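Chemist: First, the structure itself, so that you have it in front of you.
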Amino acid sequence: MMSRAAAASELGVSASASEDEIRAAYKSKAMQWHPDKNRGKPTEKEATENFQKISAAYKIITEGGDGGDGGGADGGEADFNDLDPGELFARMFHFAGGGGGGGGG
């Protein structure tokens, strides 16, 4: 399990970084290492691994979790095989707006 300090280090920020600093660091690294941006390149495997690491680190810092899916009973390393980077990325950059829809009729 990654500590908060280790997670901050993974993102390249201090453990006392503000939410804005953490978000900016994650966004920068996510854009750099996103698997879709590295598809077919020699760095594709490295990019996927790095994206998973920074995503787990961001989750630890923002949610106080352990970077895993919360269901592991064995206490081992997080299993990233089921991690959907696109879903995580969409959730990270989804801006809550004032309600969607319903045009009065």
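Chemist: If GLU21 satisfies every condition in (1) under 15 Å from the mean Cα position of the chain (by Cα); (2) in a loop (DSSP other than H, G, I, E, B); (3) charged (D, E, K, R); (4) at pLDDT 90 or above but one, which is the exception?
Modeler: Going through the list (1) under 15 Å from the mean Cα position of the chain (by Cα); (2) in a loop (DSSP other than H, G, I, E, B); (3) charged (D, E, K, R); (4) at pLDDT 90 or above, GLU21 breaks only (2).
Chemist: Can you tell me how many residues within the range 36-63 are over 17 Å from SER9 (Cβ atoms), open to solvent by 20 Å² or more (accessible area, probe 1.4 Å) and either in a helix (DSSP H, G or I) or of a type outside the set (Ser, Thr, Tyr) (or both)?
Modeler: The total comes to 11.
Chemist: Being touching a Lys or Arg at 6+ places or on another chain (Cβ under 7 Å) and surrounded by fewer than 20 Cβ atoms within 10 Å (Cβ to Cβ), is that true of even one residue in the range 17-30? It would help to see each step written out before you state the result.
Modeler: Applying the first criterion (touching a Lys or Arg at 6+ places or on another chain (Cβ under 7 Å)) to the range 17-30 yields none.
No, because not a single residue in the range 17-30 is touching a Lys or Arg at 6+ places or on another chain (Cβ under 7 Å) and surrounded by fewer than 20 Cβ atoms within 10 Å (Cβ to Cβ).
Chemist: Can you run down the residue pairs with Cβ atoms below 6 Å, 6 or more apart or on separate chains, where the first is in the range 46-69 and over 18 Å from ALA24 (Cβ atoms) and modelled with pLDDT of 95 or more and the partner is among the hydrophobic types (A, V, I, L, M, F, W, C) and open to solvent by 70 Å² or more (accessible area, probe 1.4 Å)?
Modeler: Correct list of pairs: empty, since none qualify.
The values are calculated or read from the model by the stated rules, or taken from the named source; none is laboratory data. Remember, it's a predicted structure, so these values are computed and weren't measured experimentally. In this analysis, Cβ positions are derived from the backbone assuming ideal geometry, glycine residues included, and neighbour counts consider all displayed protein chains. Calculation scope for accessible area: heavy atoms of the full protein, side chains included, ligands and nucleic acids excluded. Shrake-Rupley method; radii C 1.70, N 1.55, O 1.52, S 1.80 Å.
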